[in-house]
Structure formats: structure tokens, C-alpha cells
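First up is the structure itself, then whatever we jot down about it.
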Amino acid sequence: MVSLIVHAALAFGTVWLIVRANPAIFRRTATGPLLSGLELALYGIGIASVALGWYFNVTFVVDNTDGWFNNPIWGDGSWQQYIQLMFDNPASSSAGGDFTVANVLILPLVAVVWGRRQGINKPVLFFVVTLFASFTFGWAFFAAALERQRRLALESSTVPSDQHQPVAGTGAIH
């Protein structure tokens, strides 16, 4: 159980590092609501996935260990047993294999490449948070960061109407 508490602390710490590394993204917009509907939906889905996953993680550890202190690497209630059970039968193996490829290969690739293109600092942390919170939370948090960037860019591209200046000789407004 201690290993789950450590995982939770690492999840919160990783989220804090992402926000701290990207203050320009995770700042309040000058206009509009604190969070857009899409951001609310993404954060809500991400948090719900953490709650659902952690319910089963706690159940797994409680059902497979004798107390608070157990080896999180191998043995009963460990990562080794968890992965072994994830590939216990063809149905779970199909889902487990697909999840593993998506989480370990696709998410880091997309987050790092696309994140860097979008100017996100330390985008690999969106992958790291999946190791401690949930796969869905990492994706949702990354997508919410992109949505926030879109809103901020849209906000900064609009020029207030009192700052429009006529362009000399054309009659056009600049």
C-alpha cells in the first residue's frame, strides 16, 4: 500500500512539474472563462479515469498483499504480478498489448514531438504522469494543455478595437 501512496505523490509531483515548467500555458486567460468547456471535459475525464483506475489498483494491492509494506517490483501485489495478470488470457492480452504500445510508444512520441512543436516545455512529463496517475489522464492533460494554448493564441491574435490605426494612404484599418 505504501507503494501506491508513493505513486500518488509522484503523480501530483509530475503534474506540478508540468504546470511549473509551462507558466505561459497554465495561466488565466485575459478574457473568457477560467476553463473552456473542452478543458473542463478533458480534466473531468482524466480525473474520472484516475479514480476508476485507482479503485482497481487499491483493490489489486489489498487483495494480493498481507499489509502496508510489500515489494512493489516483484511478488504478490507487485508490478510484476500486475503485468503478468494483464497478459493472463487472450482477451486481456489483446487489451494489455494495445494499451502498452499506445502508452509506451505512441503517447511519448506524440507528446514530445507535437509538444515541442507547440512550445511546451518538458513534454515528456505528460508520458511520465501516465506511469503514476493513468494513461487517460496523461492524454487528457496533454490535450487540455493544447486547448489552453489555442485559447491563449486566439486571445493574443485579436487586437482591441481602440488600438486600430488607419494605414496611411489606403483608408484601410491596420
Considering the values (i) 17.3, 50; (ii) 15.0, 43; (iii) 21.6, 83, which represents Rg and Dmax of the Cα atoms in Å as calculated for the structure under consideration? (iii)
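Per DSSP H run of n ≥ 4, the term is -39500 (n - 2.57); total these for the chain, divide by its residue number, and report the mean residue ellipticity at 222 nm rounded to 500 deg cm²/dmol.
Numbers: 7 runs with 110 residues, N = 174.
Estimated from H runs of four or more residues: -21000 deg cm²/dmol.
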The chain - accessible surface per residue (Å², probe 1.4 Å): 62
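Measure off, as a whole percent, the carbon and sulfur share of the 1.4 Å-probe accessible area of the chain, all protein chains present.
On the way: 7420 of 10810 Å².
Carbon and sulfur together cover 69 percent of it.
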Output the relative contact order of the chain, whole-number percent, from Cα pairs under 8 angstrom with separation of 6+ residues. 34
Provide the descending list of Cα extents for region 57-135 along its principal axes, expressed in whole angstroms. 47, 31, 17
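The values are calculated or read from the model by the stated rules, or taken from the named source; none is laboratory data. Keep in mind it's a predicted model, so treat the numbers as computed, not measured. Protein only, heavy atoms only, side chains kept; ligands, DNA and RNA dropped before computing areas. Shrake-Rupley method; radii C 1.70, N 1.55, O 1.52, S 1.80 Å.
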